[in-house]
Amino acid sequence: MGDRGILIVVSGFSGAGKGTVMKELIGRYDNYALSVSATTRQPREGEADGREYFFKTTQEFEKMIAKEELIEYARYVDNYYGTPRAYVEEKLSEGRDVILEIEIQGALKVKEKFPETVLLFLMPPSAQVLKERLTGRGTETEEAVRFRMKRACEEAEGMDRYDYLVINDKLSDCVEEVHRIIRGEHRKSFRNQGLIEKIRKELMELDK
Ligand code: ADP
Ligand code: 5GP
């Protein structure tokens, strides 16, 4: 059996470029699986059910909570967002590195439940660039942009609880940096107990 995949959480202020970076990462490399969350927010133009999110009513979402079908969930700007458990477990056991693109409360809950999770925080080069990206995306009303910028101030408080900070300035460089970080994580000794045991055994055999 191959090694188990790594669980990676990517957070960052709304508009930092999480969706864009993850799409590019998955397009370039085939070891990743992106978890699709459930949410009660309305689909944006161009979003499809089951692709960007599983769009649920509040009642449906609360049922998923009650049946413990979510690894974590959180409320964000008046809506529920949560990570379905089944897909994540299936892909990790197939050896794929599973990416959760979730906000900070959810990220910290996942880390608490699964301490070997890698927490990655994606940053814009500056607050001004963040505002421009958020406005430029054209998916939010002016009020929603204001809400999201306010929320960014709150989220900045928790940034130092993440394992890595990555700046999304030039898209391509950012994607490569994220990929290198995850490759590096695979080399950590605690993730390679099998290798350690194998070489120890070989050494003992030769020493006989
Ligand atoms: P998030 O998923 O973090 O909310 P998006 O991926 O939707 O952010 O990106 C927000 C906007 O910024 C989008 O219009 C996207 O095209 C743009 N964007 C993302 N990354 C970059 C980048 N490196 N350089 C310039 N624009 C970017
Ligand atoms: P958006 O409405 O822009 O798609 O997402 C709003 C915020 O919710 C983003 O920070 C996004 O990362 C986060 N989010 C998306 N899915 C989940 C999830 O399953 N759980 C949690 N906790 N946050 C999520």
Calculated from DSSP H runs of 4 or more alone, at -39500 (n - 2.57) each and per residue, what is the 222 nm mean residue ellipticity of the chain, nearest 500? -14000 deg cm²/dmol
Tilt relative to the chain, helix 104-113 - C-alpha long axis, 0 to 90 degrees, to 10: 30 degrees
How compact and how long is the chain, expressed as Rg and Dmax of its alpha-carbon atoms in Å? 18.9, 74
So what is the relative contact order for the chain, in percent, with contacts set as C-alpha pairs under 8 Å and at least six apart? 29 percent
Summed over the other residues with a beta carbon less than 13 angstrom from that of residue 115, with K and R at +1 and D and E at -1, the charge totals +3
Which of the three applies to region 1-69, rounded, prolate or oblate, going by the alpha-carbon gyration tensor with a ≥ b ≥ c and a/c under 1.5 meaning rounded? oblate
Fully extended contour minus Cα-Cα distance, from residue 173 to residue 44, at 0.36 nm per residue: 43.6 nm
Of every hundred units of 1.4 Å-probe accessible area on region 98-208, the number belonging to carbon and sulfur atoms, as a percent, is 55 percent
Any chance you could give the angle, 0 to 90 degrees and rounded to 10, that helix 18-28 forms with the longest Cα principal axis of the chain? 40 degrees
Over 24 Å between C-alpha atoms is what I'm after, so list which of 67/111; 113/170; 23/63; 18/109; 113/201; 67/113 land there. 113/170; 23/63; 113/201
Provide the per residue accessible area, probe 1.4 Å, for the chain, rounded to a whole number of square angstrom. 59 Å²
Count charges around residue 169 for me, please; just the other residues with Cβ under 15 Å from its Cβ, Lys/Arg as +1, Asp/Glu as -1. -2
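The values are calculated or read from the model by the stated rules, or taken from the named source; none is laboratory data. All values derive from a computational prediction rather than experimental measurement. So basically every Cβ, Gly included, is an ideal-geometry build from the backbone, and we count neighbours across all protein chains shown. SASA here: full protein model, heavy atoms, side chains in, ligands and nucleic acids out. Shrake-Rupley method; radii C 1.70, N 1.55, O 1.52, S 1.80 Å.
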